[in-house]
Amino acid sequence: MNKSMKKSTGWIVLILIAAILGGMIFYASSIIKDTTGKTNGQNNIKLGLDLAGGVSITYQIEGDFTQEQVDDTIYKLQKRIENDLSNEAATTEASVYQQGDDRIVVEIPGVTDANALLEDLGKPGTLEFQTPDGKAFLTGDMIASAEAGTQQDNLGNNEYVVKLTLTDEGAKTFGAVTTANVGNRLPIVYDGNIISNPVVQAPILGGSAVITGMADFEEAESLASYIRIGSLSLQLTELQSNVVGAQLGSNAVSTSLLAGAIGIAIAMVFMIAVYFVPGVVAAVALALYTTFILAILQLYDITLTLPGIAGIILSIGMAVDANVIIYARIREEIAAGVSVRGAIDSGFKKAFSAIFDGNITTLIAAAVLGVKGSGTVKGFAITLAIGVVLSMFTALVVSKLIVNALYAIGVKNPKAFGKEPGFKTIGFINKKAIFFIISCAVVAVGAITMVVNGVAGKGAFNLGLDFVGGTSTQVEFDKDYSISEIESDIIPLISAITKDNDIQTQKVDGGNDIIFKTRSLNQDERTDLYNMFEEKFGVAESHITQETISGVISGEMTRDAIVAVIISAILMLIYIWIRFSDLRMASSAIIALIHDVLVVLTFYALSRISVTSAFIACILTVIGYSVNDTIVIFDRIRENRARLSVENAETLKELANKSLTQTLSRTICTSFTTLVMVVMLYILGVESIRLFAFPLTIGTICGTYSSIGIAVALWYVMSTRKSKKN
């Protein structure tokens, strides 16, 4: 291809990408507009209960049961929701589904009277066969079975029917009533609504009956299900319920979007300032990356939760890493005297292994989180996984297309790609003893703090409801109450309802919200609490979020958290061992990430920040980030090591120091952009987001530190000990 054709092709590529970017930005803006405007249009993203407001309740099925009974119970709950919400748009968004073998979950976003709905769902449904004047003569417990089927009518044609089998008591009553009402209608009523109004064609004396007149099999099956569920004896015990005020959910969406927009803008400016033309390319790739995520959420109807937003914003910060690795390598090649054309090709080629391995380890953490996490944490895992895959695509495909197109149209000046910092080799390994002492001291402080807290009766950590069970009520007041006012004016009113003097309170920074933690409350107590806040303090239900978790759920949460960390560590160890063919590198990376987990635990113990379900997401994100950072450095060590003619303590020290120094600019850039996103979440996010962002900030800083000061130093110590033995 001659120069003129290459230039024309370059312009075509740039114009196409610009057009795609413009279209995607327009599409993404319509998605955001529809979502934040709470429209029912085609472009809105499906919001979870924590963003849209609404009700979620998990039931435990007690005793023995059959799958048919479970299916009928789910159908009963669905119909009850439809009846209760017949005038609300939320009906179409409600979902009832089986979780595991013995649980049923009900999720209803956007309801206006959440507590009334929760109270009604707990009541058993009533089924009655009534006489023409409306008096009940047969109830659901007198029906032994009800099945949809077919039979031949008098003309020999198939017709759809419902076949009933009655109990002995039911057969006797049914026979007497049908004998007295031949030719009359006997309405079948469920929860006050007539679901069928059949005519008695002849006395029914044998304990079996057939209801005819069904238009199709679906209608027959629906009526049969109604009759079956009227006689259900399944006992459902509430394990967990969550009521989120719509106002709080709306605030979460708007503040998170603002945090994301500011974080992206800062990351773009930073990239352009550091890398010039490649920085502009990275900004374009980042914009496409963000719009692609929004499009996938909308197109595939993925439910977006509060942790999901955190996953998106965090993955945006991490997505910059792939571009940083590539452009840092291009600058290195140019500084080494390679032509711009050769530097571009070499930069993308040499960066691939670090990008691939780093992102795979993050995907491992996301996969474990998706399998072992709870519903909201699964949302974080899904968005994080989507973000990781898209970041690789935009960096390795989109960015490469743009850079090559720019080169084709004449952007060939080495200065356009920025100047390599050219750090002199820093003796990080020489300071390994200092790093080890600092880390051991921090971990020791954490261990001592946990023991002291435990002895004092406060518990090693400030465990949230997810881990200990209970009821948490977050209320947005119209004024900022002081601690003394809370204790004198609010706590006594709550105690009068709960008959509990052990009430924990927590003021939410940056607002008038207060969180009250009590023992697990029943539905009547929760309703009384809502009414009290409305009558005494003028707080509308839309400004109250409430969550109740049983001890069963909290125990499972604890086990899942421990198992998730162990599984992640093992899988990462195996992957790094295979990819680098060096057990010492794999072991060093795993020890470093365990170090990071212990530091984050130390932070939780010292700060007494509530340990909630987001804690699992935080720990696994720190693990993924820490290993990703370490792998980039190990990848450089692997590359430089291939050039060593002799391995001994001195050459390995020089190798480690050189590799750490070469990747230092990338480490600084990636850590900065990731921290920007997380800090924006902390500054602007709602309380539940901030409880996630604060420890994650500590984890990000620690992950950077451990990659430089711990992981490589451990690998060096292990490697030199082996060489001494040999």
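Rule-based calculations on the coordinates, nothing more; no lab input. All figures in this text were calculated on a predicted structure; none of them were measured in a lab. Note: ideal-geometry Cβ built from the backbone for every residue, glycine included; neighbour counts use all protein chains shown.
When the Karplus curve 6.51 cos²θ - 1.76 cosθ + 1.60 is applied with θ = phi - 60°, which whole-Hz ³J(HN,Hα) does each residue of region 655-661 get, with x for Gly and Pro?
4, 5, 4, 5, 5, 4, 5
Can you give the local net charge around G418? Use residues other than it whose beta-carbon is closer than 14 angstrom to its beta-carbon, Lys and Arg +1, Asp and Glu -1.
+2
Run the dipole for region 273-372 about the Cα centre, Lys and Arg Cβ at +1, Asp and Glu Cβ at -1, nothing else charged, and hand back the magnitude in debye, nearest 20.
120 debye
Taking a temperature of 25 °C and a viscosity of 0.890 mPa s, what whole-number D in µm²/s does Stokes-Einstein yield for region 637-726 with Rh from Kirkwood over alpha carbon pairs?
Approximately 161 µm²/s, per Stokes-Einstein.
Taking every Cα atom in the chain, find the radius of gyration and the maximum pairwise distance Dmax, and write them in Å.
Gyration radius and largest Cα-Cα distance of the chain: 31.6, 105 Å.
How big is the charge dipole of region 612-726 about its Cα centre, in debye rounded to the nearest 20, if each Lys and Arg gets +1 on its Cβ and each Asp and Glu gets -1 on its Cβ? Walk me through the intermediate numbers first.
Values: 12 positive and 7 negative charges, 101 e Å.
Result for region 612-726 is approximately 480 debye, rounded to the nearest 20.
Could you list, in their original order, any pairs among K46/K536; K349/K653; K479/K536; K46/K372; K458/K507; K46/K507 whose Cα atoms are separated by more than 25 Å?
Table pairs above 25 Å Cα-Cα are K46/K536; K349/K653; K46/K507.
With a cut-off of at most 14 other beta carbons within 10 Å, and DSSP calling the residue loop, which chymotrypsin sites (Phe, Trp or Tyr not before Pro) in region 344-442 qualify? Please list them.
Sparse-neighbourhood loop chymotrypsin sites (Phe, Trp or Tyr not before Pro): F423.
Relative contact order, percent, of the chain when contacts are C-alpha pairs under 8 Å separated by at least 6 residues?
In percent, rounded to a whole number, it is 16.
What percent of all Cα-Cα pairs in region 395-498 falls into each 5 Å bin, going from 0 up to the bin containing the maximum distance?
Here the calculated profile for region 395-498 is 2, 7, 7, 8, 8, 8, 7, 7, 7, 9, 10, 9, 6, 3, 1, 0.
Select from L696, P414, N522 the residue farthest towards the positive end of the dipole of the chain; place +1 on Cβ of Lys and Arg, -1 on Cβ of Asp and Glu, and compute about the Cα centre.
Farthest towards the positive pole: P414.
Size of the dipole of the chain about the Cα centre, Lys and Arg at +1 and Asp and Glu at -1 on the beta carbon, nothing else charged, in debye to 20?
Here the chain has a charge dipole of around 5740 debye.
Given T612, A649, I637, which one lies farthest toward the positive end of the charge dipole of region 592-726, if we put +1 on the Cβ of every Lys and Arg and -1 on the Cβ of every Asp and Glu?
Looking along the dipole axis, the top candidate is A649.
Under 5 Å between amide H atoms, partner at least 5 residues away or on a different chain: which partners does L521 have, H built in plane at 1.01 Å?
T471
In Å³ and rounded to a whole number, note down the convex hull volume per residue for the Cα atoms of region 346-434. Mind dumping the intermediate values first?
Details: hull volume 14.7 nm³, N = 89.
Per residue, the Cα convex hull of region 346-434 comes to 165 Å³.
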